[in-house]
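Contents: one structure, followed by commentary.
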Amino acid sequence: MSNHHPSAGAPYVHPGATVPTRKPVTLHRLRAMREAGENVAILTAYDASSAALLDAAGVDCLLVGDSLGMVVQGRDSTLPVTMEHMVYHTTCVARARGAAWLIADLPFGSYHESVEQAVRNAATLMRAGAQMVKLEGGGWTAPIVRALVERGIPVCAHLGLTPQSVHALGGYRIQGRDAPAAAQLRAHARELDDAGATMLVLELMPSNLAADVSTEFSGITIGIGAGRRTHGQVLVLNDMLALTPGAKPRFVRNFMAGASSIADAVSTYVRDVKSGAFPDESLHGYEA
Ligand code: KIV
């Protein structure tokens, strides 16, 4: 039987006993990182022990992504994820968080009905311990972003391949490849910026497009399969640890290859995002 008592082996630290070893990451700090040209390193986290490990390895932000529907629950998309699931996992991660900034996804259907519904569900995630909520899509989401920001809820937007729209997009395909699609994506990014989104995930798009959006967007852009000229990177933890079965997407690097432990793999990820060594566009990037 494995011994899972916290005192039996580090690194899980009970929140009441946490002694911060680095300054808490704040919105102010994230903006300063952009100004200073320091890349922001983000990974997904769904449970307390991985959150504690990621935090100790220096990950800047933890994302309780609705990718948990696929990598934790074994679904074939993120669509079945509910608010109840997100609150549960956000609470687990928040208990173990030390200095990292905590972002939680608003799941499919939790902000689609009205601004009021979005505010109510975002507030629920904030009460569960999130410091910022993430929502997918552009255009129709701008009024929602504005309402959340006006009510003191920091927002991360998400453009490009937005997995909650996988059926409308015809699969997990690269977005913004032709000129009209790229122009629309840039217009959506400008609207989200005007609405007050401070962070913007850019998923699965040509590197040049992500670079253009990153120049135009006043906040912090975070790429995943979008090249290296964003202000930071995010990966699904299970993907970069090669825990996810099946072929890995081109934009993922297996950080366990050559690593002595999970902590070592995560530290390498943070180091390589900070230095710009990950992603290598020739291996992990896409052209228009
Ligand atoms: O749900 C998630 O993990 C995400 C990231 C892939 C950006 O949205």
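The values are calculated or read from the model by the stated rules, or taken from the named source; none is laboratory data. In this text, all values refer to a predicted model and were calculated from it rather than measured experimentally. Cβ coordinates were reconstructed from backbone atoms using ideal geometry, including for glycine residues, and neighbour counts include every protein chain displayed. All accessible areas refer to the heavy atoms of the entire protein, side chains included, with ligands and DNA or RNA removed. Shrake-Rupley method; radii C 1.70, N 1.55, O 1.52, S 1.80 Å.
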Of all residues making up region 147-171, the number that are in contact (Cβ under 8 Å) with a residue 60 or more places away in the chain and in a loop (DSSP other than H, G, I, E, B):
2
Pick from region 32-46, criterion closer than 14 Å to ASP272 by Cβ and outside any strand (DSSP E or B), ranking: most open to solvent (accessible area, probe 1.4 Å)
GLU38
Determine, yes or no, whether ALA210 is within 16 Å of the ligand (Cβ to nearest atom), small (Gly, Ala, Ser) and under 30 Å from VAL115 (Cβ atoms).
yes
Identify, please: which residue in region 59-75 is part of a loop (DSSP other than H, G, I, E, B) and either of a type in the set (Val, Ile, Thr) or open to solvent by 20 Å² or more (accessible area, probe 1.4 Å) (or both) and is, among those, nearest to the ligand (Cβ to nearest atom)?
SER67
For residues in region 77-107 being in contact (Cβ under 8 Å) with a residue 40 or more places away in the chain, more than 15 Å from the ligand (Cβ to nearest atom) and charged (D, E, K, R), which is surrounded by the fewest Cβ atoms within 10 Å (Cβ to Cβ)?
ARG95
Looking for whichever is more than 16 Å from the ligand (Cβ to nearest atom), closer than 17 Å to GLU136 by Cβ and aliphatic (A, V, I, L, M) here; the options are ALA226, ALA187. Which one fits?
ALA187
For region 8-26, indicate whether the set of residues that are within 17 Å of the chain's Cα centre (by Cα) and modelled with pLDDT of 95 or more is non-empty.
yes
Looking only at region 234-245, count how many residues are within 10 Å of the ligand (Cβ to nearest atom) and more than 17 Å from ASP66 (Cα to Cα).
0
Tell me, please, whether a residue that is at positive phi and not aromatic (Phe, Trp, Tyr) can be found in region 180-192.
no
Residues of region 193-207 being more than 15 Å from the ligand (Cβ to nearest atom) and among the aliphatic types (A, V, I, L, M), in sequence order, are ALA195
Evaluate the following for GLY152: is it surrounded by 14 or more Cβ atoms within 10 Å (Cβ to Cβ), of a type outside the set (A, V, I, L, M), over 16 Å from ASP66 (Cα atoms) and modelled with pLDDT of 95 or more?
no
Does any residue of region 121-132 turn out to be open to solvent by less than 10 Å² (accessible area, probe 1.4 Å), assigned to a strand (DSSP E or B) and either within 16 Å of the ligand (Cβ to nearest atom) or within 30 Å of ALA48 (Cβ to Cβ) (or both)?
yes
